[in-house]
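What follows is a single structure, written as structure tokens, with notes after it.
The values are calculated or read from the model by the stated rules, or taken from the named source; none is laboratory data. Small disclaimer: the values here were computed from a predicted structure and weren't measured. Note: ideal-geometry Cβ built from the backbone for every residue, glycine included; neighbour counts use all protein chains shown.
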């Protein structure tokens, strides 16, 4: 539970500390004293918008710090534990968790979880399963159809089914969009497909090899210089080994051979060594002569070869002009085109396959929508009866609430239609149902939507009745109500206090109120006072018990501290089961 709340330099509050009861805690005070800052502070902890205007004048920043007590964090919701761990936060030694939110006078906000700075979104993720703030704005939001459907789904425990329906609907819509696109762009796709097939046929016909273009450049250069190359090779060969036309001409091999024999004939050891080197040179010259012979034999004498190579170059240049800067790029284009052809398949068989798949998804979606609709209809009847019973305890005994579940029929050719029980209905984001909470103010009155049939005070009571009914299915541990009793009084206010006390049996409940009838039911009562300078410090937020609590209730009843007002306050406490000082901190039930 929320164990401690500290507020510093927020609005009119200088410094204040509250330690809410595990059950029902009430916060009261004069109008403008700053009691609503408690709700503002908890909204900041929940990741709400930080307003620099809320920072106390002359201060650099406002800060809100809360401590979640060990009973919550020792067995936390898995999502909550994951959020803390992902943020790098740490629990205290006693298992509690500290969360801090600061808002600077410059408008900058910062959050800390377990001693680690975190984005504000993390505060929102952390607070979502732990705390819910209810006020007039939340009551007004109940008027929206989407909020009313969410209430029914929460009551019926249908949130997993709704999530599965949404995922199935998203798949259906994606496939429908793909099929419609294929059909609408069939001509464009067919043209593209033809271009790709022509390109692939051209490339496959040419059968280029990566790097072939560079090899052909080298071959063309060689063929174009064929006569020059042959002449150079022949002359070099004749110089080394001799020519058939000039039998008596000296050759390099013969000259080296003669020189070697002359040196070998001498008796000088040094000349003998040089003779050995000339022998090696003779071997090298002979090998080069053989290589030149092979080179001359390999020279292509085919006069058509150059034309063939130039023609091949022309074919490959045409490919590189159309499909890539070189043959590597041309081959890459061919692979990409082949893949694109698979995706562009607009054949009748492919379209028929997609249509069958779409029809199957549509049927699955219809079955899922039918299950949702049936469970909502059954839950709507139960929810209406339970809320009506609760309203009887909130001084609205003549009123009746009904949760109406309807569907909108359309033609079967509507792109958003699914078949449910032989009817074609619109498949909306959350199902085929339109959920509306309606109320009959008294017997004989017309059945009207609560937006038209309920006053502000009645709307607050309807919301409170819903919260009591939904208490067992609500995972939030701490509920905060900001003047949920606005617009009511007398017996209705007393009943609201009693129902809040019932809600406090399963949740921690914190209420900001101006009604003594509500405050009397609380387990713990805090009073917020401003001093003569308008400041609120720790000493100005105090827990009241016994006679001090009686005085505060008397003030709330009539602004006096006379015997009659005090007696009335004691009567309220006694009727609420809170007489005397010790039991003022007693849990309900």
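For the stretch 318-363, which positions are assigned to a loop (DSSP other than H, G, I, E, B) and surrounded by 12 or more Cβ atoms within 10 Å (Cβ to Cβ)?
Of all residues in the stretch 318-363, those assigned to a loop (DSSP other than H, G, I, E, B) come to 324-326, 344-347.
Result: 324, 326, 344, 345, 346.
Would you mind stating whether residue 277 is loosely packed, with under 13 Cβ neighbours inside 10 Å and either within 60 Å of the chain's Cα centre (by Cα) or at pLDDT below 75 (or both)? Full working, then the answer.
Details: loosely packed, with under 13 Cβ neighbours inside 10 Å: yes; either within 60 Å of the chain's Cα centre (by Cα) or at pLDDT below 75 (or both): no.
The answer is no for residue 277.
Of everything in the stretch 527-539, what is over 43 Å from the mean Cα position of the chain (by Cα) and either surrounded by 16 or more Cβ atoms within 10 Å (Cβ to Cβ) or modelled with pLDDT of 75 or more (or both)? Give them in sequence order.
Once the filter is applied, which keeps residues that are over 43 Å from the mean Cα position of the chain (by Cα) and either surrounded by 16 or more Cβ atoms within 10 Å (Cβ to Cβ) or modelled with pLDDT of 75 or more (or both), the stretch 527-539 yields 529, 530.
For the stretch 37-53, enumerate the residues that are in contact with a strand residue (DSSP E or B) (Cβ under 8 Å, 6 or more places away or on another chain) and more than 14 Å from residue 17 (Cα to Cα).
The first filter runs over the stretch 37-53 and keeps only residues in contact with a strand residue (DSSP E or B) (Cβ under 8 Å, 6 or more places away or on another chain), leaving 37-47, 50-52.
Listed by number, the residues that qualify are 40, 43, 44, 45, 46, 47, 50, 51, 52.
I'd like to check something: does the stretch 411-423 contain any residue that is in contact with a strand residue (DSSP E or B) (Cβ under 7 Å, 6 or more places away or on another chain), crowded, with 21+ Cβ neighbours inside 10 Å and part of a loop (DSSP other than H, G, I, E, B)?
No, because not a single residue in the stretch 411-423 is in contact with a strand residue (DSSP E or B) (Cβ under 7 Å, 6 or more places away or on another chain), crowded, with 21+ Cβ neighbours inside 10 Å and part of a loop (DSSP other than H, G, I, E, B).
Within the stretch 372-403, which residues are in contact with a helix residue (DSSP H, G or I) (Cβ under 8 Å, 6 or more places away or on another chain), free of Cβ contacts under 8 Å to residues at least 60 places away in the same chain and buried (at least 17 other Cβ atoms within 10 Å of the Cβ)?
Answer for the stretch 372-403, where residues must be in contact with a helix residue (DSSP H, G or I) (Cβ under 8 Å, 6 or more places away or on another chain), free of Cβ contacts under 8 Å to residues at least 60 places away in the same chain and buried (at least 17 other Cβ atoms within 10 Å of the Cβ): 399, 400, 402.
Within the set of pairs 6+ apart or on separate chains, which have a first residue in the stretch 317-334 that is without any contact (Cβ under 8 Å) to a residue 12 or more places away in the chain, a second that is part of a helix (DSSP H, G or I) and surrounded by fewer than 16 Cβ atoms within 10 Å (Cβ to Cβ), and C-beta atoms under 7 Å apart?
324/332
I need the full set of residues from the stretch 439-464 which are within 14 Å of residue 389 (Cα to Cα) and part of a helix (DSSP H, G or I), in order please.
Result: 461, 462, 463, 464.
Let me confirm something: among 499, 505, which residue is surrounded by fewer than 17 Cβ atoms within 10 Å (Cβ to Cβ) and either at pLDDT 85 or above or not in a loop (DSSP other than H, G, I, E, B) (or both)? Spell out the reasoning first.
Values: 499 fails: surrounded by fewer than 17 Cβ atoms within 10 Å (Cβ to Cβ).
Result of the check over 499, 505: 505.
In this structure, is residue 310 modelled with pLDDT of 90 or more, part of a helix (DSSP H, G or I) and in contact with a helix residue (DSSP H, G or I) (Cβ under 7 Å, 6 or more places away or on another chain)? Before you say what the answer is, go through the steps one by one.
On the way: modelled with pLDDT of 90 or more: no; part of a helix (DSSP H, G or I): yes; in contact with a helix residue (DSSP H, G or I) (Cβ under 7 Å, 6 or more places away or on another chain): yes.
Spelling it out, it is not the case that residue 310 is modelled with pLDDT of 90 or more, part of a helix (DSSP H, G or I) and in contact with a helix residue (DSSP H, G or I) (Cβ under 7 Å, 6 or more places away or on another chain).
I need the full set of residues from the stretch 540-574 which are over 14 Å from residue 29 (Cα atoms), assigned to a helix (DSSP H, G or I) and modelled with pLDDT under 85, in order please.
Matches in the stretch 540-574: 563, 564, 565.
Go through the stretch 3-68 and tell me which strands (runs of 3 or more DSSP E), entirely inside it, have 1 or more residues that are over 30 Å from residue 560 (Cβ atoms), in contact with a helix residue (DSSP H, G or I) (Cβ under 6 Å, 6 or more places away or on another chain) and at pLDDT 80 or above.
On the way: elements: 13-18, 24-29, 61-68.
The strands (runs of 3 or more DSSP E) meeting that bar are 13-18, 61-68.
Whether any residue in the stretch 484-496 is modelled with pLDDT of 85 or more, assigned to a helix (DSSP H, G or I) and at positive phi is what I want to check. Can you show your working first?
Pass one, the stretch 484-496, residues modelled with pLDDT of 85 or more: none.
No - not one qualifying residue is present in the stretch 484-496.
Is one or more of the residues making up the stretch 281-302 surrounded by 11 or more Cβ atoms within 10 Å (Cβ to Cβ), part of a helix (DSSP H, G or I) and modelled with pLDDT under 80?
Checking the stretch 281-302: at least one residue is surrounded by 11 or more Cβ atoms within 10 Å (Cβ to Cβ), part of a helix (DSSP H, G or I) and modelled with pLDDT under 80.
Any residue in the stretch 113-127 that is touching a helix residue (DSSP H, G or I) at 6+ places or on another chain (Cβ under 9 Å), closer than 30 Å to residue 454 by Cβ and at pLDDT below 85?
Keep residues of the stretch 113-127 that are touching a helix residue (DSSP H, G or I) at 6+ places or on another chain (Cβ under 9 Å), which gives 113-114, 116-119, 122-123, 125-127.
Keeping just the survivors that are closer than 30 Å to residue 454 by Cβ gives 127.
Filter once more, so that each one left must be at pLDDT below 85: 127.
Yes, the stretch 113-127 contains at least one residue that is touching a helix residue (DSSP H, G or I) at 6+ places or on another chain (Cβ under 9 Å), closer than 30 Å to residue 454 by Cβ and at pLDDT below 85.
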